[in-house]
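J.: Here's a structure for you.
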């Protein structure tokens, strides 16, 4: 890959590269550089010059902690951070006080955001299946963003100039940059982006850190270099240990993946509680971590454990993200099988999900079939990209297998077919909430936090903003749209277990009062404050 010198800047954002035509970094780059190899001074992780296909396993969509994580124990909740010893995780009382339990009612094309007045946390709030907000004294007013008008939620002028943007409002400045590039006003974009660079920092406030990656996405869109960045941010295979550690940190400090694993495993355990033969088809096996606790629970089942077969699907170009490949997953599951005396058979399938065929899955009679989609369905293109509609085709393939249950975990975001400005604002809103949730756990100058955000989140952000067509593989949809797709494929919703939901609600108390949990039509939505971030649902 050709290399070009990085631009350098002075001011608050000193050190930020202006573009990614080069993927080789000077080791003296400032920590303010959002993709600097210096983010981890002891274990530098330079970007690769890989020409391989984009992967789905090495970013937030495929985060999974290493086998050496605390998930190997009998509980999801034995964590070093946050301290959960003080949390009565397995309390039998199903009434929990949570922060801002609220349902966000929206259609498939809404932008995925709602704002309301701040409410004091009411005492003794019950977890309500209707997903409505707790009713304190008095009424709270709500306002919804107008998703029909790009930029409407930030009230940016039609033709902003650097002088028109309030000096302290980085959000509006970022949206103005996006609008300028959207309108192909390159001179204005260059002026605005220069102003924005001086306001961002990867060790600053959440909006400043996110802004650093949004800027790189916008510049990459201008330079048409988004695909190269997306591939390069996969990290090189020799840094697999570091990459796994970043994934584990994200897993430990935020409940998003625990939520998805627990919701899915709860549905599987419930539907298969009387089955003697279970076949799990996991469309993104990663390191197989999701199944460690489920296998342990099945091993303790009264009457003896079932025979379990796991088909682990993962793309064929990212062995390092799984920790040495599918063979390592097989060894990990074999160890669990031996330790807890449960018969487990593993079949690794290194293939991209849209290319999986019925013959590859080796479905056998008498087995209760389970299909798992953990943060992976959005990588399969739909009718807006391919006239053959691989996304719906994959669901029809799964339906033809007559599965006992299908579990789905997805980002609650609308970035699939949304126009660029709507997509940019959605990305800003979504990842700002996620960066804020990280902010309460790790210090802003923490190298671990910098690496987590750089290696686990930034790649998705750049792809959503900088790429179009087949090159844009991060194509999230809201729960309502997934519901429509599954219904059209012939599925019916399988309500998630209220007991598992209550355990998840208690888990959130161990992290932050700002996490919210909403039950909606049998599905679950996990959010940060006013913003839903992850959905979990089950189908049959």
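J.: Pick from the range 492-516 the residues that are at pLDDT 90 or above and closer than 30 Å to residue 396 by Cα: which of them is surrounded by the fewest Cβ atoms within 10 Å (Cβ to Cβ)?
T.: Result: 492.
J.: Next question, about the same structure. Within 30 Å of residue 222 (Cα to Cα), buried (at least 22 other Cβ atoms within 10 Å of the Cβ) and touching a helix residue (DSSP H, G or I) at 6+ places or on another chain (Cβ under 8 Å), is that true of residue 407? Let's see the steps before the verdict.
T.: Details: within 30 Å of residue 222 (Cα to Cα): no; buried (at least 22 other Cβ atoms within 10 Å of the Cβ): yes; touching a helix residue (DSSP H, G or I) at 6+ places or on another chain (Cβ under 8 Å): yes.
Criteria not met by residue 407.
J.: Checking residue 315 against (1) more than 26 Å from the chain's Cα centre (by Cα); (2) surrounded by 24 or more Cβ atoms within 10 Å (Cβ to Cβ), only one condition comes out false. Which one?
T.: Evaluating residue 315 over (1) more than 26 Å from the chain's Cα centre (by Cα); (2) surrounded by 24 or more Cβ atoms within 10 Å (Cβ to Cβ) leaves (1) as the failure.
J.: Related question: Which of the residues belonging to the range 494-530 are over 15 Å from residue 266 (Cβ atoms), outside any helix (DSSP H, G or I) and in contact with a helix residue (DSSP H, G or I) (Cβ under 9 Å, 6 or more places away or on another chain)?
T.: Once the filter is applied, which keeps residues that are over 15 Å from residue 266 (Cβ atoms), outside any helix (DSSP H, G or I) and in contact with a helix residue (DSSP H, G or I) (Cβ under 9 Å, 6 or more places away or on another chain), the range 494-530 yields 511, 512, 514, 515, 516, 520, 521, 525, 527, 528, 529, 530.
J.: Which of the following residues is surrounded by fewer than 19 Cβ atoms within 10 Å (Cβ to Cβ), modelled with pLDDT under 95 and in a helix (DSSP H, G or I): 444, 459, 470?
T.: 470
J.: Another question, then. Just to be sure I understand the filter: pairs with C-beta atoms under 7 Å, separated by 6 or more residues or on different chains, first member in the range 168-193 and assigned by TED's automatic domain parsing to the domain that holds residue 211 and crowded, with 18+ Cβ neighbours inside 10 Å, second member at pLDDT 95 or above and not in a helix (DSSP H, G or I). Which pairs pass?
T.: Filtered contacts from the range 168-193: 170/199; 173/199.
J.: Something else now. Does residue 264 count as assigned by TED's automatic domain parsing to the domain that holds residue 532 and within 24 Å of residue 499 (Cα to Cα)?
T.: Taking the combined requirement at face value, the residue satisfies it.
Each row is one residue, and each column tells you yes or no for (1) more than 19 Å from the chain's Cα centre (by Cα); (2) at pLDDT below 95; (3) under 22 Å from residue 329 (Cβ atoms).
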position	(1), (2), (3)
360	yes, no, yes
367	yes, no, yes
370	yes, no, yes
380	no, no, yes
389	yes, no, no
398	yes, no, yes
402	yes, no, no
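The values are calculated or read from the model by the stated rules, or taken from the named source; none is laboratory data. Quantities reported herein were computed from a predicted structural model and do not represent experimental measurements. Reconstructed Cβ throughout: ideal geometry from the backbone, glycine too, with neighbour counts over all protein chains shown.
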